[in-house]
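Input: a single structure, listed below in structure tokens.
Derivation of every value follows stated rules applied to the coordinates shown; laboratory data play no part. In this text, all values refer to a predicted model and were calculated from it rather than measured experimentally. Cβ: placed from backbone, ideal geometry, glycine included. Neighbour counts: every protein chain shown.
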Ligand code: HEC
Ligand SMILES: [Cu+2]
């Protein structure tokens, strides 16, 4: 349908003195036919009902928009706190929680690796045995750091003191020759050895990782790390020596006390060390008279010593630390009558009592 547009609406005569609206010159009627829209079917005017409806609808639409914005804002805010932690430390940031969860898993796996491979020499709690003590705070403070542990496990026990006959084999499968533990197990061991004692971990089944339940008490078995995070060495203390044997004052294998001072007429008290234990554990010595302590280390390659203390815990006598198989004799000064506990500094679990009477 074609239509010719009507003439331009005539602008009202400008009032005298006013320039607006500006009059436009009458436009030329286009000489060609043009397509135009059909006449309007609907009235442009709104019925009052329709107008009310439009208002209602637009208010609804604004509500929807408002709620949508509120939802987005709440989502952003909640997700923010979920991810970064609620203020005042109410919740832990998600990433940190994840890191500590992974750390916990590592320590719990490391515990199993340790118990299966290391406990027989270093003790179930690192108290030492064939191998040196691992759970002492001064050692854990810096000596047993991640690098050191990795190196010892990759190079073997000779890394510690350069002893080529060290009893500790290579553990890491990256060592030469390769040991039995893969890099994950080494990581887990590192995590376990460095775990702090302010956190309780769960003993888990090696394969299923289910918590182990004590069959008698019905409680889940737990353990804690060894390291005290608040430990600080005494001010001015010498740092822990690179070779653990040096921490006993005299290194294993050093020359014995001068044999010349041994009085051939003095009583001889015999004590042996075998399987990380003294034999016998009860000794008798004459009170008030110097005597000779004959110390027989029958543990091949394992260093021991005898450290005699009085009732107050002060050390009254100490032999060298030396590895078996070897027997050395020491002159011990006279002791007043009483009971004297003695122990091995390398293996604090090795104890006995000397009675002077
Ligand atoms: C056969 C006994 C034995 C076993 C098993 C053993 N170790 Fe050892 N370990 C030793 C001995 C012995 C030394 C001392 C090394 C030396 O100086 O010759 C040592 C030293 C260490 C040291 C260095 C200690 C220090 O004070 O410098 C670490 C760490 C260590 N072992 C960790 C482990 C771990 C972890 C395992 C388990 C994978 C393990 N050991 C298994 C015997 C053992
Ligand atoms: Cu010992």
Inset, instruction - Please give the per residue volume of the convex hull enclosing the alpha carbon atoms of the range 259-356, rounded to a whole number of Å³. - result: 81
Inset, instruction - Mind checking the full-extension length gain between residue 23 and residue 72? Use 0.36 nm per residue of separation minus the Cα-Cα distance, one decimal, nm. - result: 12.4 nm
Inset, instruction - Quick one: grab Rg to one decimal and Dmax as a whole number for the range 95-229, Cα atoms only, in Å. - result: 15.1, 47
Legend entry - Share antiparallel - DSSP beta bridges, the chain, percent rounded to 5: 70
Inset, instruction - Let me have the relative contact order for the chain, percent, based on Cα pairs under 8 Å that are six or more residues apart. - result: 11
Legend entry - Of every Cα-Cα pair in the chain, the percent that sits beyond 32 Å: 60
Inset, instruction - Would you compute, from DSSP H runs of 4+ residues alone, the mean residue ellipticity of the chain at 222 nm, taking -39500 (n - 2.57) per run and dividing by the full residue count, rounded to the nearest 500? - result: -8500 deg cm²/dmol
Legend entry - the range 122-197 and the range 264-333: distance between their alpha carbon centers, rounded to Å: 29
Legend entry - Ranking of 353, 292 by count of other Cβ atoms within 10 Å, fewest first: 353, 292
Inset, instruction - Sticking with the crude label model, points 7 Å out along Cα→Cβ, report the distance from residue 309 to residue 268 in nm, one decimal please. - result: 3.0
Legend entry - Added length on full extension, which subtracts the Cα-Cα distance from 0.36 nm per residue, residue 334 to residue 115: 74.4 nm
Legend entry - Set of the range 176-195 residues, backbone N closer than 16 Å to the point 7 Å along the Cα-Cβ line of residue 105: 184-189, 191-192
Inset, instruction - Counting other beta carbons within 10 Å of each Cβ, put 329, 221 in order, fewest first. - result: 221, 329
Inset, instruction - Relative to the longest principal axis of the C-alpha atoms of the chain, give the angle of the C-alpha long axis of helix 146-155, reported between 0 and 90° and rounded to the nearest 10°. - result: 60
Legend entry - Separation of the residue 125 and residue 49 label points, Cα + 7 Å toward Cβ, nm: 8.9
Inset, instruction - For the range 159-213, just run the numbers: alpha carbon Rg, then divide by 2.2 N^0.38 Å, N being how many residues it has. - result: 1.48
Legend entry - Contact order relative to length of the range 259-356, as percent, for alpha carbon pairs under 8 angstrom and 6 or more apart: 32
Legend entry - the range 95-229, relative contact order [Cα under 8 Å, separation at least 6], %: 25
Inset, instruction - Using a Förster distance of 22 angstrom, determine the FRET efficiency expected from the C-beta separation of residue 209 and residue 146, and round it to 0.05. - result: 0.40
Legend entry - Likely footprinting exposure, 317, 192, fewest C-beta neighbours within 10 Å first: 317, 192
